[in-house]
Amino acid sequence: MNSKPEGKQTRDPDLPPPPPAVLTLAAALGRLMAVKHVERSRYLTAKYPDLTSTDDPRWREELPSDAKPAPAPCWVYFMQEGYGAIKIGNSRQPEIRRADLQRGTPKELKILAILPGDYRIERRFHKALWRYRSHGEWFRRGDWLNDVLEWIAVGDDAEVILNRLAKK
């Protein structure tokens, strides 16, 4: 008679636990595979804009050794903590960044707006709004927020918005 439940495996208590380095290596290899998948995806979707599935035979195409994936676009985001402070940051994946930050705060974080731009545009927003700075990349709410959100909603780019902020 088997004393272990069917399908459930248990570790032998006499064996030492696996060393942490092995677990770290496994995690690193998993991340490397994910990065390679993303690189392949970016390269092939730039080459074949109609490529929508990994079932497509073109997905298995060998990549040239000098293949460089198209860089993901960078975004400047305006994120609000509850009904309070606003974070102005930049990320290639703002929603993933929001989820990462959410783990460290009990208040709900929500992205109010995003616009194309890299860390240089982000820094210019920080300089333009220096008087509202709370700490780090966080800013106090003010009239500036409604203006910026309205300008983004009508399609103004970062340069136009920054010029308007400079005149206020």
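List of remarks:
- So Arg58, is it over 27 Å from Asp157 (Cβ atoms), modelled with pLDDT of 75 or more and in contact with a Leu (Cβ under 9 Å, 6 or more places away or on another chain): yes
- In the condition set (1) in a helix (DSSP H, G or I); (2) loosely packed, with under 13 Cβ neighbours inside 10 Å; (3) modelled with pLDDT of 90 or more, Leu32 is compliant with all but (3).
- Scanning the range 120-137 for residues that are over 20 Å from the mean Cα position of the chain (by Cα), buried (at least 16 other Cβ atoms within 10 Å of the Cβ) and assigned to a helix (DSSP H, G or I) yields a count of 3.
- Of all residues making up the range 64-84, the number that are at pLDDT 90 or above, of a type in the set (A, V, I, L, M, F, W, C) and not in a strand (DSSP E or B): 1
- When residues of the range 85-114 are limited to those that are part of a strand (DSSP E or B) and touching a residue at least 40 places away in the same chain (Cβ under 8 Å), the one farthest from Cys74 (Cα to Cα): Ile86
Residues are listed down the side, and each one gets a yes or a no for (1) farther than 21 Å from Val160 by Cα; (2) among the acidic types (Asp, Glu):
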| residue | (1), (2) |
| --- | --- |
| Ala85 | yes, no |
| Asn90 | no, no |
| Leu112 | no, no |
| Leu115 | no, no |
| Asp118 | no, yes |
| Ser134 | yes, no |
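- Among the conditions (1) surrounded by 15 or more Cβ atoms within 10 Å (Cβ to Cβ); (2) under 23 Å from the mean Cα position of the chain (by Cα), the only one that Gly155 does not satisfy is (1).
The values are calculated or read from the model by the stated rules, or taken from the named source; none is laboratory data. In this text the structure is predicted, and so the values were computed from the model without any measurement. Here the Cβ is made from the backbone with ideal geometry for all residues, glycine too, and neighbour counts use every protein chain on show.
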